[in-house]
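To start, the structure itself, in structure tokens.
The values are calculated or read from the model by the stated rules, or taken from the named source; none is laboratory data. Just so we're clear, the structure is a prediction, and the values are computed from it rather than from any experiment. Because the Cβ atoms are built from the backbone with ideal geometry, glycine has one as well, and the counts that use them run over all protein chains shown.
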Amino acid sequence: MIWLLVLQLALGPSQHYENAKQDFAQRRFSEADSEVNAALHESPHMVPALVLKARLATLAHRPDVAKSCLITAITVDPTSEEAQFFLGLSYYTQNDFKLAISPLQTAQTLSPKSPMPVFYLAMTQEALGDETKALELYQQAETLSPEKTPQSAGILVAYGRFLLSLGRSQESVEKDRLAIEADPESRDAHYELAKGLDHEGDSKNAALEGERALTLPLLGTSDAQIHFLLANLYRKLNQPDLAKAHLEKFQAAPQTTQR
């Protein structure tokens, strides 16, 4: 163990941080945490390391540690777009929506071409009930993310979900289809498209989208949510056996608060 300590001391904070970034990218979170702690031990005000430690703390369900790191980072460098954005994101995920606005707006000012601060501002305004601002910001986020990527798909899915909540199902379906073009393997996009088609009265194609969603990797939308939707769709399609099968799977699955 002594040789390991000597090696760590010899590396210097920048190398520890680079190691931590690589570990984080490869989802070796324990190793990343160890490396970022080593970097901060030698350089406590290293802003990129503070941001990375905050992201690791968020994954470890330690929002208190994440906020502390990010506030320290912003105190050291208020112009860090990354620190401002992740502080806003931290507040958003903790449902502190009013507190999320200021750092997200600062991040948007610092990086006006980045879609993510605008996207989270849209979801924050949606959560606060300001539909007009949310619509404007969702459109900005979509405009800033024209490439067909999983990131742009995520923006379009959230935009479509919001439009559906406003009763604008046709526009919602259009956004969901664009999301699937951007990321055909998005479970969320197929699920949201199924809901939109259901609202449009197209139960048959809605069921096809729901079944497709079930085959895709579990990231956001749960199996329980999809089974619940399919049970209702097959009931509308007068297919009681399939409706019963999906209802039983819904009841057997770990329950979520969303349907």
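Just one of the numbered conditions (1) under 13 Å from LEU242 (Cβ atoms); (2) in contact with a His (Cβ under 8 Å, 6 or more places away or on another chain) is not true of LEU208: (2). When residues in the range 212-226 are screened for being part of a helix (DSSP H, G or I) and either of a type in the set (Ser, Thr, Tyr) or more than 12 Å from GLU192 (Cα to Cα) (or both), 3 of them pass.
The set of residues in the range 139-150 that are at pLDDT 95 or above and either out of contact with any Lys or Arg (no Cβ under 9 Å at 6 or more places or on another chain) or over 21 Å from LEU178 (Cα atoms) (or both) comprises GLN139, GLN140, ALA141, THR143.
ASN232 meets each of the listed conditions (1) within 22 Å of GLU185 (Cβ to Cβ); (2) of a type in the set (S, T, N, Q); (3) outside any loop (DSSP other than H, G, I, E, B) apart from (1). Identification of helices (runs of 4 or more DSSP H) wholly contained in the range 1-53 with 3 or more residues that are at pLDDT 85 or above yields 13-25, 29-42.
Screening LEU219 against (1) more than 21 Å from PHE162 (Cβ to Cβ); (2) modelled with pLDDT under 95 leaves a single unmet condition, (1).
Looking at LEU233, LEU164, LEU178, can you tell me which residue is farther than 24 Å from GLU126 by Cβ and either in contact (Cβ under 8 Å) with a residue 24 or more places away in the chain or not polar (S, T, N, Q) (or both)?
LEU233
Restricting ASN19, ASN37 to those that are farther than 28 Å from SER145 by Cα, more than 17 Å from the chain's Cα centre (by Cα) and buried (at least 18 other Cβ atoms within 10 Å of the Cβ) reduces the list to ASN19. Among the criteria (1) within 28 Å of GLU136 (Cβ to Cβ); (2) modelled with pLDDT of 95 or more, the one ALA231 does not fulfil is (1).
The residue list LEU56, LEU89, LEU104 contains one member that is out of contact with any Pro (no Cβ under 6 Å at 6 or more places or on another chain), crowded, with 16+ Cβ neighbours inside 10 Å, modelled with pLDDT of 95 or more and within 27 Å of THR124 (Cβ to Cβ), which is LEU89.
I'd like to check something: does the range 72-83 contain any residue that is modelled with pLDDT of 95 or more, in contact with a Phe, Trp or Tyr (Cβ under 7 Å, 6 or more places away or on another chain), of a type in the set (A, V, I, L, M) and buried (at least 23 other Cβ atoms within 10 Å of the Cβ)? Among the residues of the range 72-83, not one is modelled with pLDDT of 95 or more, in contact with a Phe, Trp or Tyr (Cβ under 7 Å, 6 or more places away or on another chain), of a type in the set (A, V, I, L, M) and buried (at least 23 other Cβ atoms within 10 Å of the Cβ), which makes the answer no. When restricted to residues that are within 20 Å of LEU110 (Cα to Cα) and not in a helix (DSSP H, G or I), the range 54-84 contains 4.
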